[in-house]
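Working notes for the structure below.
The values are calculated or read from the model by the stated rules, or taken from the named source; none is laboratory data. Predicted model only: the values in this text are computed from it and were never measured. Cβ sites come from the backbone with ideal geometry, for glycine too, and all protein chains shown count toward neighbours. Quick note on the areas: whole protein, heavy atoms, side chains included, nothing else; ligands and nucleic acids left out. Shrake-Rupley method; radii C 1.70, N 1.55, O 1.52, S 1.80 Å.
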Amino acid sequence: MAAATMFKGNAPAGIYPPIAKLNPAADPRRMRRIIAEDPEWSLAVVPLLTNLCLQHIVKHFEERPILDELVPDQKAFVLEKLPPSLPLSVTANLISDEGYWKRCCEGRWGVSDVSEYSHSWKRMFFERHLENIIELFIPDVTDPRAVLDVVPLCQNYVRRLKISQLLPPIKEPPKFDEDDASDSASDVGNDRPSMDHFDFRILLDKLTNLEELQLVYGVKGCGMNFEWNLFEFTFRDCEFLAKALKSCKSLKVLRINQSKVDDEKCRKLLSYLLDHPSLLELDLSHNLIGDRGARAIGKLLNRSRLERLDIYDNQIRGSGAQALAHALSKNTSLLYLNLRLNRLGDEGGQAVAQALLKNGTLRNLNLGANELTEPTATAMSHALVQNSTLRSLNLSCNRLGVDGGKVLEEGMSHNSSLLECDIRLTDVGLESEYCIGKVLRTNQAKVRRKRTQAVAASR
Amino acid sequence: MQAENSAGPSVESENPEERITARRLRIAARNEAKKRQELEVDSQEKEDIEEEARTSQTQVEQSERRMVKLQTDGTELVTNILVAADARESKRRAALEEARRLRVEKLENEAKSSLEKFEEVTRKWTAATAKTIPQDLRDALNSQQQLCALLIENKNKLINELQQELKASDDRYVKDLKKQTEDVDIMIERMQEQITSLMKSYRQELDLIENSFDDERKTLLAGNKKKWEQQRKERGNKELEYLLQRMKQVEEHEVLLHRLRVEHAEEYNMIKTKLETDVQILEQQLQQMKATYQLNQEKLEYNIHVLQKHNEENIITRSQQKRKIRRQQDVLNNLKIKCANQEKQSHEENQLLTDDYKRAMQQYKDMQKKMRHFAAVDAKRFDEVWLMNEAEAKALVHRALEIDRLIHEQQLGLAWFPPSLPFMESSGPVQPRRQVQRTSRQVAAQVLSGMGRKGDTEAEREGSTVEGSESTGVDHKTVKRLLELLCDETGFLIESKLLKLLSSLEKDEQSFMKLDSIFSVSRMKLLHCLFSVLALQERDDSEDAAYWESMAKVISESKLKVWDALEAALKKYHTVLTERSKLLVDTEHLKQQNSELRMLLHQYQLKGIHCILMQGVNRHILFALCIVL
């Protein structure tokens, strides 16, 4: 069995050398009586009628797809012989064999990692197919039907869309300068041809199984053709996207990165996401969200089931952080919060630390590179004494100072739940760092012991 | 595999030996791969399973700790770059912000100053338009031009500065890009390093763990083997022992079994025969029972029929009886009525009868009186009859004696002696020689003394001894009781002195004395009467019988025998005599007949047949002779 499966892998390469097919007389295999490696090889000169029929089926599969009526081994034969170039409208809902889709994927994109697609080649094929179509969609040039035609074929298999670029319309507004483009794009929209991207409203409500959506409103690999308006997330785009998202009830993960999402767009977007039935993860990192956007996010926090929130690399300051902290103190679902590379300052840091006193669900908190100093360290140490759910805390790249380190060390000595605490580049002093590390190690050891005990008990 | 194929001998080769070697190599490679896989799986499994073992566990923990440390260290090393980049970025942002602030300030200042200058220029424009002298106008224009040039120069300067800043920031951007690419490279490098080091250390740790597991397994195996051996030996010994024991037991059991089998077989046979006979008997009984059952059934059926019939009859009879009962009830009612009538009637009758009774009593009393009277009369008549009969009897005796004397003297010729006849002298009825009239006192004494007293009252007894006590003996007990009752009841009649005196005497005597005194005191008529009744003596006929018997026996027994014999002889004599007289008559008659016949003979002799007649005559004669004889 093992031999057979192993052999199958290299069968197409070894058994059908193109030359041999062209010139059967010269094929030395004809001279042999047994070829152990080829399970279909037989001495019979005339091929079996079934084989002929199957070959015919393969040849005319496009016109007459006959598959489900066949017996299993014939089915396997046909599937193996089907070319990947068949139109999707024939194969999409008919063929579920992974081997065929694997060939399709490999034929199109070369070697790929199927593990990201829950080991389903078919899912991989359709997701990537759809992604390709959308990424190459040029508004007003490409017919929207190009997308809509694919939807009925792939709506059952697409669970995730990772769209790494969205092309703007080709028409260039020549009268604007580079500087004005960024300003005018947001406030002008009706009187002149828009810079809007692909309209997701036509797509998202049809993908009933979609769970994850990742968007970048920008052009990938533009090189020296860089222009600001290639990276424009217009207000209309935002509205369309928000409406589309609202219509997509199965969505669990939403990522909009590097798309210049500012306060207004963020508020618009989140206002449509309020009370979304399934959204669990929201990632708005690498954008331009400020305090008002943060306030909108805080509002969303307590009107959704969000478990994971990434808003790193934005422009949230103290007041926005306070709004977030207020929401956090009342929240009971959020497990992960990343505020790295914002501008919280001590004002926001303290607010977040105080929110930790009341919150009992948050496990991961990242406050790296937020211009925090000693007062935040003090508040955080208080929070650490009381909070027993937080597992990981990142305070790196903040100028906590030696005193802050000592205060934090004091707080850590009363904590028994924190497993990770990143205090690199915070100037806390070696001693505090060592002590905190020690506490962390004891906590980790405790958790490990518990885990082994649980494993032993389960056995 | 493909690499192997391409390097070594190929299965596609034309040389069969080469193909064979290629296949062998392939098989070997596969086996090796499989083995490796299995080993890995094994080791993993072992790691999982034997975690509880002490040394291995510690080893695993150690390894895990070490690996975690290594991992965290590596991650830290990698993320250090990230953190540094972050720090740089934040610094850059701060700097940018600062620069922007400065720039904005500068621009504002510039705008302000340029605005001032511009205003000055515009102000001067109005002044300049006011000027009419061309010289002045030229000067003013010149100055305006200078001012404008200054303004423009300032602006240009600012623009230049900004452009330089832009260039600098472009440079910085390029630098940053370079730096970032470097960072990314370093990161990748470090990641790779970490991966390799992690892999290496994982492998090492795995080896260590495996070794520790191996050691542990070996020690465990050795220990287990030792234990196993020991237990095996023990088990062998025990088994041998048990075997011997078992054999012994088997023999014993066999003997026992045999004995038991024989016994049981005998018992079984016995029981079997017994049971068979029982079965036969029971079958017979069953048959009998069946027969009886059938019989009984028939009987019962018959009985049922009969009973049904009976029942029907009974029903009929019951109805009849009911009817009868009703009728009887009617009758009963009638009878009740009748009974009531009867009762009334009988009551009346009763009344009548009581009246009758009273009359009868009266009559009875009269009758008694009459009876007494007649008794007296009877006694008198009796005496008279007696005397008459006696006289008659005496006459008869005399006659008998006379006859006897005659017989003796005449017939027998014997001398006759008259027998002594004392009674002949006496006349009248035989009188008892006691006094008939006794006093009641005497009677009482007699009664009391008759109860076993010997000779206390001989005086009173003298008179009464003759007649004996048998006359009153019948009533002795009752009389005595009567008397005793009397003396107890009438104690009030006895004087107290007498009682004292009597207390010393015997019981009978006491009672006697009491009675005596009582009688003396009262002499009651009733008592007298009572005793008179008691004393009223029936005539004694025993003497009479003897008297008459003696009279009858005047002729003794022997004499009677003689008389009988005499009578018999006389009777015989009489019969002989009567026969003689009869014969005499007969002979007389015959003689007469003979004479007659002779006369007839004489007549018949005349006739011829006298011979026949003769014969008849002879016969007659013979007959007559015979009779005579």
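Here are some notes:
- Residue among B:K175, B:K157, B:K200 that alone is basic (K, R), closer than 30 Å to B:R88 by Cα and in a helix (DSSP H, G or I): B:K175
- Each residue in region A:430-446 was checked for being more than 11 Å from chain B (Cβ to nearest Cβ) and aliphatic (A, V, I, L, M), and 3 of them qualify.
- Looking across B:E47, B:E51, one residue alone is facing another protein chain (nearest Cβ under 10 Å) and either closer than 18 Å to B:K218 by Cβ or at pLDDT below 85 (or both). It is B:E51.
- Screening region A:1-116 for helices (runs of 4 or more DSSP H) wholly inside it with 1 or more residues that are modelled with pLDDT of 70 or more returns the ranges A:49-59, A:72-81, A:88-91, A:98-109.
- Count - residues of region B:58-81 that are over 30 Å from A:A456 (Cβ atoms) and open to solvent by 70 Å² or more (accessible area, probe 1.4 Å): 2
- If you go through region A:227-271 and keep only what is surrounded by fewer than 18 Cβ atoms within 10 Å (Cβ to Cβ) and of a type in the set (S, T, Y), you end up with A:S247, A:S250, A:S271.
- Qualifying residue in region B:103-121 (condition: within 14 Å of another protein chain (Cβ to nearest Cβ), open to solvent by less than 60 Å² (accessible area, probe 1.4 Å), β-branched (V, I, T) and at negative phi): no
- Filter result for A:L288 (open to solvent by 20 Å² or more (accessible area, probe 1.4 Å), hydrophobic (A, V, I, L, M, F, W, C) and within 14 Å of chain B (Cβ to nearest Cβ)): yes
- Residues of region B:363-420 satisfying the condition of being under 25 Å from B:W548 (Cα atoms), open to solvent by 90 Å² or more (accessible area, probe 1.4 Å) and not in a loop (DSSP other than H, G, I, E, B): B:K380, B:R381, B:E384, B:M388, B:E392, B:L396, B:H398, B:R399
- For region A:334-429, the helices (runs of 4 or more DSSP H) that sit wholly inside it and include 1 or more residues that are within 14 Å of chain B (Cβ to nearest Cβ) are A:345-358.
- A:R441 vs. criteria within 35 Å of the chain's Cα centre (by Cα), surrounded by fewer than 15 Cβ atoms within 10 Å (Cβ to Cβ), at negative phi and at pLDDT below 90: no
Here is a yes/no grid of residues against (1) within 15 Å of B:D544 (Cβ to Cβ); (2) modelled with pLDDT under 75; (3) of a type in the set (K, R); (4) touching a Ser or Thr at 6+ places or on another chain (Cβ under 6 Å):
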position: B:F382; (1), (2), (3), (4): yes, no, no, no
position: B:V385; (1), (2), (3), (4): yes, no, no, no
position: B:A391; (1), (2), (3), (4): no, no, no, no
position: B:V397; (1), (2), (3), (4): no, no, no, no
position: B:A400; (1), (2), (3), (4): no, no, no, no
position: B:R405; (1), (2), (3), (4): no, no, yes, no
position: B:S420; (1), (2), (3), (4): no, yes, no, no
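- If you go through region A:100-116 and pick out every residue that is within 25 Å of the chain's Cα centre (by Cα), open to solvent by less than 50 Å² (accessible area, probe 1.4 Å) and touching a residue at least 12 places away in the same chain (Cβ under 8 Å), you end up with 5.
- Candidates B:E61, B:E119, B:E76: the one that is among the acidic types (D, E) and in contact with a strand residue (DSSP E or B) (Cβ under 9 Å, 6 or more places away or on another chain) is B:E76.
- Residue list for region B:192-227, filter: open to solvent by 90 Å² or more (accessible area, probe 1.4 Å) and farther than 25 Å from B:Q57 by Cβ: B:Q192, B:E193, B:I195
- If the condition is being away from chain B (no Cβ under 11 Å) and surrounded by 11 or more Cβ atoms within 10 Å (Cβ to Cβ), then region A:448-457 contributes no residue at all.
- Within region B:82-102, considering residues that are away from every other protein chain (no Cβ under 12 Å) and small (G, A, S), the one surrounded by the most Cβ atoms within 10 Å (Cβ to Cβ): B:A99
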